[in-house]
Amino acid sequence: MNSPRIHILHENYDWLPPLQAALDSAGLPHTQWSLADGSIDLKTQPPQGVFWSRLSASSHTRGHVYAKEYARVLFRWLEAAGLRVVNGSKVIEFEVSKAAQYAALAAAGFDVPRTVVVAGREDLKRRALEFPAPFITKHNQGGKGLGVRRFDSHREFDSYVDGPEFEEPADGITLLQEFVQTAEPFITRAEFVGGEFVYAVRVDTSEGSFELCPAEACAVPGQAAPGQVSLDQGFAPAACEIPGTGAGETLASTLFAKRDDITAGHPLIVRLRAFLADQGIEVAGVEFFETADGRLIPYDINTNTNYNPDVEAATGNAAATALAGFLGRELESRYATASV
Ligand SMILES: Nc1ncnc2c1ncn2[C@@H]1O[C@H](COP(=O)(O)OP(=O)(O)O)[C@@H](O)[C@H]1O
Ligand SMILES: [Mg+2]
């Protein structure tokens with residue numbers, strides 16, 4: 001048990017099987033730690049190995065309200081002991097804050113959606129007046145489309161904010177954002193592993209497509225309860241963190257397709273790769289819009305990413321295999337004698 005291994009730090013078992021299978025196929029020893037609860041004795045040394053964070057921004061929706069706080073402590077402890085944490089403590093802050101993502105992307109020169117960050121409810125209605133309708137809201141600590149809603153008038157927005165349907169964000173921060181009309185009804189999600197581009201996936205957003213999202217708690221617009229503001233504009237099921245798994249797999253999977261026209265040499269991919277390297281983000285799915293007037297707009301960095309099963313099947317499990325290869329090399333480079 002003490003031999004060096006890959007430690008997966010996570011709070012959702014449902015997402016692990018394809019990743020564990022890839023590690024098994026590569027003959028890599030691995031184990032898992034829960035970020036939902038647990039305990040550590042600060043007097044002890046952590047076990048040896050390479051640690052990989054799969055902290056998810058939506059952990060609170062699974063009842064793991066303090067997973068990010070535990071992750072912050074745990075990763076600091078591991079890093080202080082000199083251990084390698086992939087997507088470690090600095091990356092947590094990107095996972096749990098879209099505002100942090102936009103600020104860093106904008107500073108690096110990317111075209112990001114115009115966004116106003118609102119803490120609490122007080123300023124929402126006033127700041128929303130700065131946006132022409134339609135505009136959208138989303139939670140700063142998002143994932144799974146949490147709090148993503150489109151508003152076609154300020155009146156509609158005001159009654160939402162004042163009403164019982166208002167969705168409290170996990171960290172109290174709601175983002176107001178320009179509504180981006182894509183040239184065609186899809187968004188793109190570019191997967192990076194070990195800092196390298198693996199493939200880009202096209203995700204259909206045509207009207208109603210989000211309803212096919214298979215994730216049980218996928219709170220994308222259109223799945224709102226009666227009385228809630230509901231959108232008829234299709235939003236990407238990529239918002240769902242379990243693309244194409246579980247119930248509805250067949251239908252949902254048809255919404256995802258590999259984009260062969262987006263390669264490692266694509267100018268946006270080249271820039272995103274450099275950005276991720278600068279920020280120390282090693283594993284991520286980055287979503288972007290393409291508009292009719294040529295804007296390329298990254299808008300969501302998923303440092304906890306899941307791969308679509310159909311795309312993986314069609315590519316020989318390209319992303320999961322890349323991940324196992326990356327983690328295996330990290331382990332090997334630190335523990336040359338490890339039985340990997
Ligand atoms: N500014 C926007 N304009 C239009 N559609 C948007 C905008 N932001 C998000 N969406 C749609 O909502 C989906 C979920 O939003 P996103 O920012 O990715 O949040 P999450 O982290 O929950 O996935 C996106 O994939 C996209 O389809
Ligand atoms: Mg998203």
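The values are calculated or read from the model by the stated rules, or taken from the named source; none is laboratory data. In this text, all values refer to a predicted model and were calculated from it rather than measured experimentally. With ideal geometry, Cβ positions are generated from the backbone for all residues, glycine too; neighbour counts draw on all protein chains shown. Ligands, DNA and RNA are excluded from the accessible area calculation, which covers all protein heavy atoms including side chains. Shrake-Rupley method; radii C 1.70, N 1.55, O 1.52, S 1.80 Å.
Quick notes on this one:
- Boolean, residue 91 is assigned to a helix (DSSP H, G or I), out of contact with any Leu (no Cβ under 6 Å at 6 or more places or on another chain) and at pLDDT 95 or above: yes
- Meets criteria (open to solvent by less than 20 Å² (accessible area, probe 1.4 Å), more than 16 Å from ligand 2 (Cβ to nearest atom), farther than 25 Å from residue 102 by Cα and out of contact with any Gly (no Cβ under 7 Å at 6 or more places or on another chain)) for residue 316: no
- In region 119-134, of all residues being open to solvent by less than 20 Å² (accessible area, probe 1.4 Å) and touching a His at 6+ places or on another chain (Cβ under 9 Å), the one that is farthest from residue 299 (Cα to Cα) corresponds to 128.
- Yes/no for residue 294 being within 11 Å of ligand 1 (Cβ to nearest atom), under 23 Å from residue 114 (Cα atoms) and of a type in the set (Gly, Ala, Ser): no
- Taken together, the residues in region 26-47 that are open to solvent by less than 60 Å² (accessible area, probe 1.4 Å) and either in contact (Cβ under 8 Å) with a residue 40 or more places away in the chain or within 26 Å of residue 308 (Cα to Cα) (or both) amount to 11.
- Checked against (1) open to solvent by 50 Å² or more (accessible area, probe 1.4 Å); (2) outside any helix (DSSP H, G or I), residue 103 passes all but a single condition, namely (2).
- Filter pass, residue 23 being open to solvent by less than 10 Å² (accessible area, probe 1.4 Å), assigned to a helix (DSSP H, G or I) and in contact (Cβ under 8 Å) with a residue 12 or more places away in the chain: yes
- For region 157-180, a tally of residues being farther than 24 Å from residue 68 by Cα, within 16 Å of ligand 1 (Cβ to nearest atom) and not in a strand (DSSP E or B) returns 3.
- Checking each residue in region 1-44 for being farther than 21 Å from residue 332 by Cβ and more than 22 Å from the chain's Cα centre (by Cα) picks out 38, 39, 40, 41, 42, 43, 44.
- Candidates 184, 156: the one that is within 30 Å of residue 282 (Cα to Cα) and open to solvent by 30 Å² or more (accessible area, probe 1.4 Å) is 184.
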